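Written out below as structure tokens is the structure these notes cover.
The values are calculated or read from the model by the stated rules, or taken from the named source; none is laboratory data. Just so we're clear, the structure is a prediction, and the values are computed from it rather than from any experiment. Methodologically, a virtual Cβ is constructed for each residue, glycine included, from the backbone with ideal geometry; neighbour enumeration extends over all protein chains shown.
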Amino acid sequence: MTSNSVTDDSVTGAHETRPLVPHEPDHRFERSSRLVGHAYVIPDYYEVGREKIRELSRAIQNEHPAHHKEAAAAELGYEGLVAPATFVSVVGSIAIDYLFAHILVEYEITAVMQTDQSFVLHRPVMQGDQLVSTLQVLSIRQFAGNDILVVQNHLTSHGEDVCTSTTTFIARTDADVDPRAAALVDAVLPASVPRMGPTARPTA
């Protein structure tokens with residue numbers, strides 16, 4: 001016969017009996033898991049501007065002439081300025097905002113940590129590119145009280161492959177949100193980006 005109780009005499013020395021509390025299943029993980037394998041195209045493109053390439057190149061102190069002068073880029077066979085490889089991170093940050101605002105809505109962005117990221121550059125990002133992000137949730141699994149999510153972002157321009165990035169996140173669906181972290185997210189992310197959970201902006 002199985003008993004539905006647990007005993008604990010580690011504190012008082014007395015033999016105390018308490019009823020077991022059934023574990024509440026995490027339906028949020030179940031709902032998010034259904035997204036695995038599906039692809040989501042962000043409904044707008046990012047147009048790569050001449051001055052944006054120059055600004056980023058100056059910020060990261062990359063002085064290669066092809067990032068600053070059209071003539072230097074033309075000598076290498078390009079029709080416009082060539083963006084540094086790190087330019088894909090600019091578009092990637094927009095994709096991550098969209099991911100947690102519209103797709104993986106079960107997760108509060110302030111309780112998510114990026115742990116790994118890899119890039120495959122199919123060709124350089126160029127001035128005039130219209131970059132389209134296609135997001136795909138590759139896997140979601142649970143380990144040690146956390147959800148581990150692997151997401152792919154495939155960038156194309158006019159149907160041509162530009163970059164494929166794969167990012168791993170660790171998230172907690174039951175994490176308490178630090179109000180200071182929520183304020184930081186509010187200050188950093190654009191006002192147009194909707195928020196889920198405790199950092200959501202009011203709609204009116």
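Scanning region 63-81 for residues that are under 15 Å from Val125 (Cβ atoms), loosely packed, with under 15 Cβ neighbours inside 10 Å and not hydrophobic (A, V, I, L, M, F, W, C), which turns out farthest from the chain's Cα centre (by Cα)?
Per the stated criteria, the residue is Glu79.
Per-residue answers, yes or no, for (1) under 30 Å from His68 (Cα atoms); (2) of a type outside the set (Phe, Trp, Tyr); (3) surrounded by fewer than 16 Cβ atoms within 10 Å (Cβ to Cβ); (4) at pLDDT below 90:
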residue	(1), (2), (3), (4)
Arg123	yes, yes, yes, no
Ser139	no, yes, yes, no
Gln142	no, yes, yes, yes
Asp147	no, yes, no, yes
Cys163	yes, yes, no, no
Asp186	no, yes, yes, yes
Ser192	no, yes, yes, yes
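Among the residues of region 36-48, is there at least one that is modelled with pLDDT under 85, under 30 Å from His102 (Cβ atoms) and in a loop (DSSP other than H, G, I, E, B)?
No: zero hits.
Restricting attention to region 154-163, which residues are part of a strand (DSSP E or B) and more than 17 Å from His38 (Cβ to Cβ)?
Leu155, Thr156, Ser157, Glu160, Asp161, Val162, Cys163, listed by residue number.
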